[in-house]
1. Name the pairs: first residue in the range 238-254 and at pLDDT below 90, second residue open to solvent by 20 Å² or more (accessible area, probe 1.4 Å), Cβ to Cβ under 7 Å, at least 6 apart or on different chains?
2. Please determine, by comparing only the residues of the range 16-50 that are in contact with a Pro (Cβ under 8 Å, 6 or more places away or on another chain) and modelled with pLDDT of 95 or more, which one is surrounded by the fewest Cβ atoms within 10 Å (Cβ to Cβ).
3. Taking the condition of being under 22 Å from the mean Cα position of the chain (by Cα) and open to solvent by 10 Å² or more (accessible area, probe 1.4 Å), how many residues in the range 290-309 meet it?
4. Filter the range 238-274 for residues that are open to solvent by less than 10 Å² (accessible area, probe 1.4 Å), assigned to a loop (DSSP other than H, G, I, E, B) and under 17 Å from residue 289 (Cα atoms) and give the result.
5. Of 169, 115, which residue is hydrophobic (A, V, I, L, M, F, W, C), open to solvent by 10 Å² or more (accessible area, probe 1.4 Å), over 21 Å from residue 303 (Cα atoms) and assigned by TED's automatic domain parsing to the domain that holds residue 273?
6. When the range 75-112 is examined, which residues are found to be touching a Leu at 6+ places or on another chain (Cβ under 6 Å) and among the acidic types (Asp, Glu)?
7. Which condition from (1) among the polar types (S, T, N, Q); (2) under 17 Å from residue 284 (Cβ atoms); (3) not in a helix (DSSP H, G or I) is the one that residue 156 breaks?
8. Residues being in contact (Cβ under 8 Å) with a residue 40 or more places away in the chain and closer than 10 Å to residue 160 by Cβ: count how many of those fall in the range 197-207.
Amino acid sequence: MSAPFSWIRPEPWGVHIVPADVWIDPGRAVDKALVTHGHADHARGGHGETVATPETLAIMELRYRTGAEDDAGDIPHKAIPVAYGETIRLGGGVDATYIPAGHVLGSAQILLEHAGERVVITGDYKRRADPTCAPFEVTPCDIFITEATFGLPVFTHPPIEEEMGKLLAALSTNPEACVLVGAYALGKAQRVIAELRLAGHHDPIYLHGAMEKMCRLYEEHGVDLGDLRLVSDHTKDDMRGAIIIAPPSALNDRWSRRLPDPITAMASGWMRVRGRARQRGVELPLVISDHADWNELTQTIEEVNPAETWITHGREEALLRWCELGQRKARALALVGREDEDE
């Protein structure tokens, strides 16, 4: 008999499922990859096969051209769609089930089952309601592999309704200006737009050109984002009193000069850190995260109640210490290539 959980092995570039020779979110090209979601620090092109939700596969096709033809006119990459709740056999007696993670469109936790043992790999996740993606589902398991992007007690995300209120208040008190919101193109931008609609803001929202394709993909998958228009198609006067969504890199770029007296805002969990807001020249920090905060990370571990917790992607030390103080078995993983691209 093999030792417990010897079939799952964390490596610097991803988690290896040994009996099936499959990798979870590998940072380099492999023969077969299970991908939790479409952000660049978890998904990439070049795999022989990619197993993911249909939405994640569509995002990967848009971002990385995973379905592109090679020089011979063939498409070497094979995409295998898996619906939420669907279980597939990977080989070597390993089953995988995709479960909603609540992070971005198509994001999934992956439940792996082998020899009577259950392991859940969360990828990135959040516990807050989000109109653009399916909500996180608590899944009991023996080993829980959790991210810890905001794994410090200082990180407690406010209700998003409060942040939307700040944004709309800035707009109403500056009717001749515009509010330029920096938001990452996958997930954050669409969530901000959808939350604005829920808050009653139904005016046109203007987009930097880099945001359009991903917003249209969300709409194709049933997410209603309302009236969206391209900045490039309009004059300064058209955009007075409007909200504009752009990549964070565009906040202080020459591109922003075409806008009417922009008030710069940034939607990110890192806006809790005032120094980061000052560093970026952000006038209106909006603490909006697509990751679980400290309270949600600890709450989730308590609810899942695993025999052991493996911690990755962020501030592992504090969450590791919290587990130890609660007499919960835990270890920190050292996976490379995990970044803040989605924040």
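1. The qualifying pairs are 252/281.
2. This residue is 16.
3. Let us first name the residues in the range 290-309 that are under 22 Å from the mean Cα position of the chain (by Cα), namely 290-301, 303-304, 309.
Restricting the remaining residues to those that are open to solvent by 10 Å² or more (accessible area, probe 1.4 Å) gives 294-296, 298-299, 303.
The number of residues fulfilling the criteria is 6.
4. Correct list: 268 only.
5. Result: 169 is the single residue among 169, 115 that is hydrophobic (A, V, I, L, M, F, W, C), open to solvent by 10 Å² or more (accessible area, probe 1.4 Å), over 21 Å from residue 303 (Cα atoms) and assigned by TED's automatic domain parsing to the domain that holds residue 273.
6. Selection gives nothing.
7. Answer for residue 156: the failing condition is (2).
8. 1
The values are calculated or read from the model by the stated rules, or taken from the named source; none is laboratory data. Just so we're clear, the structure is a prediction, and the values are computed from it rather than from any experiment. Every residue, glycine as well, gets a Cβ built from its backbone with ideal geometry; the counts of neighbours run over all protein chains shown. Please note that ligands, DNA and RNA were not included when accessible areas were found on the heavy atoms of the full protein model with its side chains. Shrake-Rupley method; radii C 1.70, N 1.55, O 1.52, S 1.80 Å.
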